[in-house]
Amino acid sequence: MYAVTHNEEQMIEFGRQLAPVLKPGDLVLLIGDLGAGKTTLSKGIVQALTGVHPDEVASPTFTLIHEFKGRVPVYHLDLYRLETEADVLGIGLDDLFDGKHVLLIEWGERFPALWPKARIEIRIQNVECEDGELRRLSVTRFPETAG
Ligand SMILES: Nc1ncnc2c1ncn2[C@@H]1O[C@H](COP(=O)(O)OP(=O)(O)OP(=O)(O)O)[C@@H](O)[C@H]1O
Ligand SMILES: [Mg+2]
């Protein structure tokens with residue numbers, strides 16, 4: 001699935017629209033450069049799944065993990081500051097795969113060996129255009145199913 005967003009509000013709205021396909025146990029890798037919009041997208045996803053207001057969804061860059069309770073609970077992680085797989089395992093990664101939460105992980109692509117094959121990758125690209133900049137998104141659920 002592909003989409004384009006032109007501003008922060010559209011990105012949050014895209015997250016809200018995407019959220020219903022997510023189920024407890026799903027792993028979502030948010031892939032994109034610094035400032036691409038990973039946290040902004042997370043705001044909409046978290047709001048739709050848990051009811052938490054987007055203003056309450058901040059970057060977990062320093063705290064590493066935020067937990068949101070609600071209808072479909074969410075763990076939101078940011079691995080930017082972690083350097084090794086051992087660091088990631090050290091935050092209790094195994095316990096986060098509890099089948100009850102949706103896992104939203106920023107910078108997860110830095111540790112490809114850690115993730116199960118079954119996952120959703122959301123790639124966000126910043127594209128310069130005439131009237132400013134926009135974000136191009138692609139959403140892929142792996143393994144991809146035929147047909
Ligand atoms: N279409 C858009 N979608 C999302 N954010 C946008 C868009 N256009 C501009 N922005 C701006 O880009 C920034 C995105 O910040 P955000 O924290 O979501 O990125 P991030 O990918 O999580 O960054 P980091 O790598 O630091 O975690 C915000 O300042 C936002 O206002
Ligand atoms: Mg972020």
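The values are calculated or read from the model by the stated rules, or taken from the named source; none is laboratory data. Note that the structure is predicted; figures quoted are calculated from it, not measured. Cβ coordinates were reconstructed from backbone atoms using ideal geometry, including for glycine residues, and neighbour counts include every protein chain displayed. Side chains are part of the model used for accessible areas, which takes the heavy atoms of the whole protein and leaves out ligands, DNA and RNA. Shrake-Rupley method; radii C 1.70, N 1.55, O 1.52, S 1.80 Å.
In table form, for the structure just shown:
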| read-out | value |
| --- | --- |
| Inter-residue pairs, beta-carbon under 7 Å, first in a strand (DSSP E or B) and in the range 74-95, second open to solvent by 60 Å² or more (accessible area, probe 1.4 Å), 6+ apart | Tyr75/Glu67 |
| Odd one out for Phe14 among (1) part of a helix (DSSP H, G or I); (2) aromatic (Phe, Trp, Tyr); (3) modelled with pLDDT under 95 | (3) |
| Output for the range 101-135, where each listed residue is open to solvent by 90 Å² or more (accessible area, probe 1.4 Å), within 15 Å of Leu18 (Cβ to Cβ) and over 13 Å from the mean Cα position of the chain (by Cα) | none |
| Looking only at the range 26-45, and only at residues there that are touching a residue at least 60 places away in the same chain (Cβ under 8 Å) and open to solvent by 40 Å² or more (accessible area, probe 1.4 Å), the one that is nearest to ligand 1 (Cβ to nearest atom) | Gly35 |
| Neighbours by Cβ (under 7 Å, 6+ apart or cross-chain): first from the range 1-24, farther than 16 Å from Ile124 by Cα; second aromatic (Phe, Trp, Tyr) and open to solvent by less than 70 Å² (accessible area, probe 1.4 Å) | none |
| Criterion violated by Gly90 - all others in (1) more than 16 Å from ligand 2 (Cβ to nearest atom); (2) farther than 23 Å from Tyr2 by Cβ; (3) open to solvent by less than 50 Å² (accessible area, probe 1.4 Å) satisfied | (3) |
| Positions within the range 55-64 being within 14 Å of ligand 1 (Cβ to nearest atom) and either of a type in the set (Phe, Trp, Tyr) or assigned to a helix (DSSP H, G or I) (or both), in sequence order | Asp55, Phe62 |
| Condition broken by Leu49, with the remaining ones in (1) surrounded by fewer than 22 Cβ atoms within 10 Å (Cβ to Cβ); (2) farther than 28 Å from Asp131 by Cα satisfied | (1) |
| Residues of the range 8-52 that turn out to be under 11 Å from Val102 (Cβ atoms), among the small types (Gly, Ala, Ser) and in contact with a helix residue (DSSP H, G or I) (Cβ under 9 Å, 6 or more places away or on another chain), as a count | 3 |
| Test: residue in the range 46-54 that is in a helix (DSSP H, G or I), in contact (Cβ under 8 Å) with a residue 60 or more places away in the chain, touching a strand residue (DSSP E or B) at 6+ places or on another chain (Cβ under 6 Å) and within 16 Å of ligand 2 (Cβ to nearest atom) | no |
